[in-house]
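Heads up: the structure comes next, in structure tokens.
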Amino acid sequence: EQANIGVVGLAAMGASLARNLAHHGNTVAVFNRHYSRTETLMNEHGSEGKFIPSKTVEEFVQSLAKPRTAIIMVQAGAPTDAVINELADVMEKGDIIVDAGNAYFKDTIRREKEIRARGLHFVGCGVSGGEEGALLGPSMMPGGTDESWKTLGPILKSIAAVAEGEPCVTHIGTDGAGHFVKMVHNGIEYADMQVIAESYDLMRRGLGMAPQEISDVFAEWNKGDLNSYLIEITSQVLSHVDEKTGKPFIDIVTDQAGMKGTGTWTVQTALSLATPVTGIGEAVFARGLSSEAELRKEAQEKVLQGPDPTESLAKIANDADAKKAFIEDIRQALYASKIVAYAQGFTEIEAGAKEYDWTIDLGAVARIWRGGCIIRAKFLNRISDAYGKGESFGSLLFDSFFKQAVENAQDSWRRVVSAAAQAGVPVPVFSSSLAYYDGLRSKRLPAALIQGQRDLFGAHTYGRVDEPGAFHTLWAGTQKEIKQP
Ligand code: 6PG
């Protein structure tokens, strides 16, 4: 018997994906550069389904039925290129290579072009949900041709998470579209995590609450509008106790956030598309600041003066009613900032689709994020509803549901941002999201002044509110205005 699908790269994610495929009736060819990983998989899980292990790429390709379909799950960058080329050398016309790693979408565009020129299909497929998702049902974002989707679609649907009865996978668009959408997913993930972190910080350093008490608050929030995987695991992390010391786990973890690049790509890409993803940007920079170990140490030594959060908020913290109200304000600030971050992320997908000539169904993107992925949340049903109406609108913030939600939240949101500033608790995503919202709703922006400055120092010209065309004022001379030809 030949395999209908293959997996190359049997580290945690690849092995889980292979097992998931086998659990769903697929016959799975498996290959790993070092055979020991293949052996481990076969020894520990070989009986869970039909696997065909191979020791060489040639054997692996021969064990696949045509059109041969191989999913690569190796490290992004050079290792991925190496495996793609090895496979392409032995594969034949019509075969399909799927890169399921977190590849940079421009690499995917390049690879698709190269592989297509060799008569093969190349599909860049975003996979979200971590190890558990890969094993039990991830959310998947494949790009590539319609033709490759015909073969790949049913296989991916067989292993995807299911939300509201629908598999969490859809053909996103051609070439790099899938990896683009996965990249933005990760950017949103960063913002989502940061707004949760800011909420925690306000409760911990501001209100002086213990981790377990905060864990209970998140557990409560998880029952409402904020219901989501990230809120759920936040509660779990905060109630965890360190085995070694008996201290709250959160207090023994170094406060320097790591990152592997997808958030940075989201922001870099947004910058080049001139699409403001301020929430995601601030989330990436907040991780960056946390990891500036030397600079932070020096700041401690130099004692940069400022308010003490706990002292500043003591009055609220010591009054049960005021405390309860402030915690509710934080919940609303989180919710509003989260809406802004998603609105910005979806706007970036729209801008990317325009730039790279993809047709992306934003409603479908929201639907496949409802299950399996890291940002899965009840909230995504609302986004799916918003885009599902089929009307085109410029921002999620204009959809009646979200417009109302932000309007309801905004008094709380403003109170939290000002209290945080007064108390010296950094809330970069809360405050930048609020600035975005206020920027968007402003009738007149001070950009007019910037235009004036640009024209004065560099004759960059400006537009007038009352007449079309480009104008320049002779600032150094007669002060007269001239219309550009
Ligand atoms: C997912 C995650 C996954 C990974 C991130 C983490 O969707 O399953 O997004 O892709 O956890 O890449 O990224 P950082 O290491 O940059 O936080």
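The values are calculated or read from the model by the stated rules, or taken from the named source; none is laboratory data. As the structure is a computational prediction, the values presented were derived from the model and not from experiment. In this analysis, Cβ positions are derived from the backbone assuming ideal geometry, glycine residues included, and neighbour counts consider all displayed protein chains.
Yes/no per residue for (1) over 30 Å from Gly306 (Cα atoms); (2) surrounded by fewer than 15 Cβ atoms within 10 Å (Cβ to Cβ):
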position	(1), (2)
Ser400	yes, yes
Ser431	no, no
Ser442	yes, yes
Tyr462	yes, no
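Go over the candidates Ile97, Ile115, Ile109 one by one and state the one that is closer than 21 Å to Ala270 by Cα and either buried (at least 23 other Cβ atoms within 10 Å of the Cβ) or more than 16 Å from the ligand (Cβ to nearest atom) (or both). Before you say what the answer is, go through the steps one by one.
Values: Ile97 fails: closer than 21 Å to Ala270 by Cα; Ile115 fails: closer than 21 Å to Ala270 by Cα.
Sole residue among the options that is closer than 21 Å to Ala270 by Cα and either buried (at least 23 other Cβ atoms within 10 Å of the Cβ) or more than 16 Å from the ligand (Cβ to nearest atom) (or both): Ile109.
So which of Ala336, Ala325, Ala341, Ala366 is assigned to a helix (DSSP H, G or I), at pLDDT 95 or above and surrounded by fewer than 15 Cβ atoms within 10 Å (Cβ to Cβ)? Walk me through it before giving the result.
On the way: Ala336 fails: surrounded by fewer than 15 Cβ atoms within 10 Å (Cβ to Cβ); Ala341 fails: surrounded by fewer than 15 Cβ atoms within 10 Å (Cβ to Cβ); Ala366 fails: surrounded by fewer than 15 Cβ atoms within 10 Å (Cβ to Cβ).
Sole residue among the options that is assigned to a helix (DSSP H, G or I), at pLDDT 95 or above and surrounded by fewer than 15 Cβ atoms within 10 Å (Cβ to Cβ): Ala325.
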Which residue pairs have Cβ atoms under 7 Å apart, sit 6 or more places apart or on different chains, and have a first residue in the range 256-269 that is more than 6 Å from the ligand (Cβ to nearest atom) and a second that is assigned to a loop (DSSP other than H, G, I, E, B) and not basic (Lys, Arg)? Gln256/Ser291; Ala257/Ser291; Trp265/Tyr104; Thr266/Val277; Val267/Val277
Any idea how many residues of the range 210-239 are in contact (Cβ under 8 Å) with a residue 60 or more places away in the chain, of a type in the set (A, V, I, L, M, F, W, C) and in a loop (DSSP other than H, G, I, E, B)? 1
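Listed here are the residues, each with its yes/no results for (1) touching a Lys or Arg at 6+ places or on another chain (Cβ under 8 Å); (2) among the hydroxyl-bearing types (Ser, Thr, Tyr).
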site: Asn186; (1), (2): no, no
site: Tyr229; (1), (2): yes, yes
site: Ser235; (1), (2): no, yes
site: Thr262; (1), (2): yes, yes
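Looking only at the range 1-21, count every residue that is aliphatic (A, V, I, L, M), assigned to a helix (DSSP H, G or I) and surrounded by 24 or more Cβ atoms within 10 Å (Cβ to Cβ) and tell me the total.
4
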Of the conditions (1) surrounded by fewer than 17 Cβ atoms within 10 Å (Cβ to Cβ); (2) touching a residue at least 12 places away in the same chain (Cβ under 8 Å); (3) of a type in the set (S, T, N, Q), Asn85 fails just one. Which one is it? (2)
Quick check: is even one residue across the range 102-111 more than 25 Å from Ala22 (Cα to Cα) and free of Cβ contacts under 8 Å to residues at least 24 places away in the same chain? yes
Pairs, first of a type in the set (D, E, K, R) and modelled with pLDDT of 95 or more in the range 281-303, second in a loop (DSSP other than H, G, I, E, B) and within 16 Å of the ligand (Cβ to nearest atom), C-beta under 6 Å, six or more apart: Arg287/Ala257; Arg287/Met259
